[in-house]
Amino acid sequence: QVQVVESGGDLVQPGGSLRLSCTVSGILFSINAMGWYRQAPGKQRELVAGISNSEDTKYLDSVKGRFTVSRDNAKRSVYLQMNDLKPEDTARYYCNIGHFSAGNYYSRKYWGQGTQVTVAS
């Protein structure tokens, strides 16, 4: 059974940093692409960052230069380092198992429960 578990969300001040973690079980992690999505209340869920099995990456334009996605296959984990956080980054962040094709990330059916990131003074 596939499980996707996120952690690391918190309340942080604007300009601060957080590191989100996602650990996956029940699937051959190393061959899969992974993605981070976020969703704020009343807003559509959007891809924040994706990473392929060969570590090609894709980022939402508004987070480029601030966020970095990485993976550790030995730990079956994917991470999202978020720096210079802004109030508009406030959302629930979800980890997803997907695939990468032609430089783009596509989600599959496996999602975590999400972790809340709130950026406020």
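Table for the structure above
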{"quantity": "Computed label-point distance, nm, for sites Asp56 and Ser7 using a 7 Å Cα→Cβ extension", "calculated": "3.2 nm"}
{"quantity": "Positive dipole terminus of the chain, leading residue within Asn73, Gly50, Tyr106 (C-beta point charges)", "calculated": "Tyr106"}
{"quantity": "Apportionment of accessible area to carbon and sulfur, the chain, percent (1.4 Å)", "calculated": "45 percent"}
{"quantity": "Proximal lysines relative to Lys75, as straight alpha-carbon distance under 23 Å, when same-chain residues fewer than 8 apart are discounted", "calculated": "Lys58, Lys109"}
{"quantity": "List Glu46, Glu6, Glu88, ordered by accessible area with a 1.4 Å probe, largest first", "calculated": "Glu88, Glu46, Glu6"}
{"quantity": "Solution diffusion estimate, µm²/s, Stokes-Einstein, region 69-121, Kirkwood Rh from C-alpha pairs, 10 °C, viscosity 1.306 mPa s", "calculated": "122 µm²/s"}
{"quantity": "Under 19 Å from Lys43, Cα to Cα: lysines that are on another chain or at least 8 residues apart", "calculated": "Lys86"}
{"quantity": "Nearest-20 debye value, the chain charge dipole, Cβ charges on Lys, Arg, Asp, Glu", "calculated": "240 debye"}
{"quantity": "Inter-part distance where region 92-121 and region 5-78 are each reduced to a Cα centre, Å", "calculated": "6 Å"}
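The values are calculated or read from the model by the stated rules, or taken from the named source; none is laboratory data. Bear in mind the structure is a predicted one, so any value in this text is a computation, not a measurement. Glycine also receives a Cβ, built like all others from the backbone with ideal geometry; neighbour counts cover every protein chain displayed. For the accessible areas, the whole protein counts, side chains as well, though only heavy atoms, and no ligand, DNA or RNA atoms are used. Shrake-Rupley method; radii C 1.70, N 1.55, O 1.52, S 1.80 Å.
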